[in-house]
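Report on the structure given below.
Quick note: the coordinates plus some simple rules give every number you see, no bench work behind them. Note that the structure is a prediction, hence the values are computed from the model and not measured. Virtual Cβ from ideal backbone geometry, glycine too; neighbours counted across all protein chains shown.
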Amino acid sequence: MNAVRPTSDDLQMLTRLCRANEVPEQGVKQVAPPGKDAEYAVYRLDGEFFATDDLCTHAMVSLSYGDVEDGIIHCPMHGGAFEIRTGKPAALPCRIPLKTYKVVVVDGEVFADLG
Ligand code: FES
């Protein structure tokens, strides 16, 4: 489970997304971190956490309202999909990769490097 523990200096460069227990196993949660002008999607796959942009790259629909299945997030519109771990498009009409973010979990809190 995201095994590398960051130092306190590292943590200051990261954005807190949510508590780990708020993300359902094999599911997705939408988060809106304070100070950021965007929503993000946080996923838990087999106990490991991932984060992506929340908006589908096809037509700006929130992916966190979609379904997670076998490591794929299925967009709630138009049948598109992405690989959660890589952001790679997995089904048309999605052609543009989804932006992914490095995630760490510290003391039950999920953080990401949102750049
Ligand atoms: S908005 Fe996601 S597939 Fe069209």
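All distinct Cα pairs of segment 51-90 go into the 1/r average, and the inverse of that average, the Kirkwood radius, is 9.7 Å.
Computed over neighbours whose Cβ is under 14 Å from that of residue 97, the net charge equals +2, Lys and Arg +1, Asp and Glu -1. Potential lengthening of the chain between residue 59 and residue 25 amounts to 9.6 nm, from the contour at 0.36 nm per residue minus the alpha-carbon distance. Applying both filters, DSSP loop and at most 12 other Cβ atoms within 10 Å, to the GluC sites (Glu not before Pro) of segment 14-70 gives 25. For segment 1-69, the share of alpha carbon pairs falling in successive 10 Å distance bins from zero is 19, 48, 28, 4 percent. You can think of it this way: the chain between residue 9 and residue 32 has 6.0 nm of extra reach, that is 0.36 nm per residue less the Cα-Cα gap.
Residues whose amide H falls under 5 Å from that of residue 55, counting only those 5 or more places apart or on a different chain, are 63, with hydrogens built in the peptide plane. Think of each Lys and Arg Cβ as +1 and each Asp and Glu Cβ as -1; about the Cα centre, that makes the dipole of the chain roughly 240 debye. Other residues with beta-carbon under 15 Å from the beta-carbon of residue 31 carry, at +1 per Lys or Arg and -1 per Asp or Glu, a net charge of -1. All Cα-Cα separations within the chain were binned at 10 Å from zero, giving a P(r) of 16, 49, 29, 6, 0, each value a whole percent of the pairs. Under 5 Å from the amide H of residue 67 lie the amide H atoms of 74, each residue being 5 or more positions distant or on a separate chain, with H modelled from the backbone and absent for Pro and chain starts.
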